[in-house]
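Encoded as structure tokens, the structure appears first; notes follow it.
The values are calculated or read from the model by the stated rules, or taken from the named source; none is laboratory data. The shown structure was predicted, so the numbers you read here are calculated from the model rather than taken from an experiment. Cβ coordinates were reconstructed from backbone atoms using ideal geometry, including for glycine residues, and neighbour counts include every protein chain displayed. Please note that ligands, DNA and RNA were not included when accessible areas were found on the heavy atoms of the full protein model with its side chains. Shrake-Rupley method; radii C 1.70, N 1.55, O 1.52, S 1.80 Å.
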Amino acid sequence: KAESGLWASIGTAFIGWQSSAYNSRIDLKNPDHRASFSGNVRHDPYLGWTGDGVSTSYIDSGYLLTSVPGYSQDDAHMVVYCETDQSSANGAVGSLTTGGSANVVPRNGSNMTVRGHCGALSRAEASAIGFSGWTRRSSSTVHSIRDGSTQSHSATSTTPPTTNLVALRAGSAALAARISYFGAGSQHSDAQALAYFNAVDALRTAMTAFA
């Protein structure tokens, strides 16, 4: 059983482990809604989506960040599961704006970098692989997330970007790597962040066993 309130806190979620590229565009929380692919996004039923690093290749959720259910300036989360290691400043999920204040960079050198309606916040991470993200809990506090482990950062919130939530890209920089899950919504407690990772990782383990 997932931690109480977790499901309600997820405003939108897309799962790459689907039988077809079409099905992978279905929003888990709002099944009548579809994301769209721009450029050269490749899909594998057991592995997820792969981008080519070109700025025109990405997954567009079809939601303005501020239209994602539950998502607001001082109460939000954004997560992604990255399947391949990379070391660049390119985001795996974020806003479709240059220099946007909402994104997740699973690894940039020896750090993971997140922007939770603020400037870049870093924590030491040796690999991009895993469940990465952030949750904004107040106007002054953001928690970065890696595989269910949270780390607190002090950062005053700014107005969220007024562009769409996208994956395999953030701002003008695209990611030449593979991801298998991304989503956003309202804030998570430490217990919810851990439960979210456990749920996604269990699904990943089951699906990649067939790859």
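For the reader, a short list of remarks on this structure follows.
- Relative contact order of the chain, defined on C-alpha pairs under 8 angstrom at six or more residues apart (%): 29 percent
- Dividing the Cα radius of gyration of the range 1-85 by its Kirkwood radius returns 0.97 for Rg/Rh.
- Couplings 3J(HN,Hα) of the range 62-73, computed from phi: x, 10, 4, 3, 6, 9, 5, x, x, 7, 8, 4 Hz, in residue order, whole Hz [Karplus 6.51 cos²θ - 1.76 cosθ + 1.60, θ = phi - 60°; x for Gly and Pro].
- Dipole magnitude of the chain, debye to nearest 20 (Cβ charges: Lys/Arg +1, Asp/Glu -1, about Cα centre): 120 debye
- Averaging 1/r across all pairs of distinct Cα atoms in the chain and inverting the result yields a Kirkwood radius of 16.3 Å.
- The distance linking the range 10-49 with the range 132-174 is 21 Å (Cα centroid to Cα centroid, whole angstrom).
- Accessible heavy-atom area order of Tyr58, Tyr181, highest first, probe of 1.4 Å: Tyr58, Tyr181
- For the set Val93, Val41, Val54, solvent exposure ranked by accessible area (probe 1.4 Å, protein chains only) runs largest to smallest as Val54, Val41, Val93.
- The Cα atoms of the range 94-188 define a convex hull whose projected area, averaged across directions, is 5.6 nm².
- Across the range 44-99, Cα-Cα pairs farther apart than 15 Å form 60% of the total.
- The chain - percent of accessible surface contributed by carbon and sulfur, probe 1.4 Å: 50 percent
- The HN-Hα couplings worked out from phi for the range 139-144 by the Karplus form 6.51 cos²θ - 1.76 cosθ + 1.60 (θ = phi - 60°) are 5, 10, 9, 10, 10, 6 Hz, whole numbers, x standing for Gly and Pro.
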